[in-house]
Structures are given as C-alpha cells and as structure tokens.
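Report on the structure given below.
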Amino acid sequence: MRLGRVVHVKDLDDPDAVRTKIRSAVTDSGTDVRRAPDKAGITNLIEILSAIRDVAPEEVEREFDGSGYGDFKSAVADAVVEYLGPIRERYPGLRGDEAALEAMLAAGAEKARAIASDTLADVREAMGIGPPRD
C-alpha cells in the first residue's frame, strides 16, 4: 500500500511501523482534513481511510472537520493496522506450506484463464476475428 508520495506500508509491517509511517506521511502545511488539488498528501490519506471503511470520502471529511492532521493520521494508522491484521496473521500459515500455496496459485490462474478465454471468445466473435467457436 502506498501512502502519500514517499511512505510505503507493507502488508507485513508490524503495527508500530505502520503507525510511524502513516504519521510521518507527507502532507501540506495546513490543518484542514479535506481533499483539494493542492493537498495531495492529505487527499491520499482521506481516500485510503474511505476505502478501508467503505464510505465516501466526503464522510471522512465530515467526520474530521475541525480536527487536526495528528488526530486524522492516528485514525488512518489505526484503520490500516486493523485492515492489515488478518493478512499479517494468515501469512505465516500460507508461506509455511509452499506446496499448498503453489497449488492455490495454480488453481487461481486456471480459473482466471477459463474466465478470460470465454470473454476473449465473445470479443472475437463480436468483432468477427479469430478462430470460430467450437
């Protein structure tokens, strides 16, 4: 996950590292938690919190209206830590069984190929190009 222009949070970062990275995310010199073309850093954090909470960015802006960047960044950090928790917990089990992981990836790839193949056949048929369907 990329936060701002210079902060990179990794799925497996420990919670303290995630919080530190988000709190140090580059923002403008203002304090208003609102999206704007000249506020790329804070806009990005609003979008991240919006996506994690599955709410509109305007709802995030309303919630933090009158709050400073410190409170807002702490809320974003807590939300990201909570969001990444299940990934961090499940990772060792998945990586511990390399054969099962490879099988899972192969099954997913085959499923994706089947879906893509049908879609591609539909497109070719609609365009009148490529081999005819069986």
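3J(HN,Hα) along the range 39-47: 10, 4, x, 5, 4, 4, 5, 4, 5 Hz, from the Karplus curve 6.51 cos²θ - 1.76 cosθ + 1.60 with θ = phi - 60°, whole Hz, x for Gly and Pro. When the helices of the chain are scored as -39500 (n - 2.57) per DSSP H run of n ≥ 4 and the total is divided over every residue, the value at 222 nm lands at -22000 deg cm²/dmol. Phi angles of the range 119-125 translate, via the Karplus equation with coefficients 6.51, -1.76, 1.60 and θ = phi - 60°, into HN-Hα couplings of 5, 4, 4, 4, 5, 4, 5 Hz per residue; Gly and Pro are given as x.
Sorting Met104, Met127 from the fewest to the most surrounding beta carbons within 10 angstrom yields Met127, Met104. Taking the alpha carbon gyration tensor of the chain, multiplying each eigenvalue by 5 and rooting it gives semi-axes of 39, 24, 12 Å, largest first. Treating r as the C-beta distance of Tyr91 and Glu63 and R0 as 25 Å, the FRET efficiency rounds to 0.20.
Note on Ala99 and Ser117: their simple-model spin labels are 2.7 nm apart, each label 7 Å out from Cα toward Cβ.
Between 0 and 90 degrees, the angle of helix 69-96 with respect to the longest Cα principal axis of the chain falls at about 40 degrees. Label reach from Glu82 (point 7 Å along Cα→C-beta): in the range 19-61, amide nitrogens under 19 Å belong to 19-23, 45-61.
Throughout, read-outs are computed from the coordinates displayed, never taken from laboratory work. Keep in mind that what you see is a predicted model, and the values were worked out from it rather than measured. Using ideal geometry, Cβ is built from the backbone for each residue, glycine included, and neighbour counts are taken over all protein chains shown.
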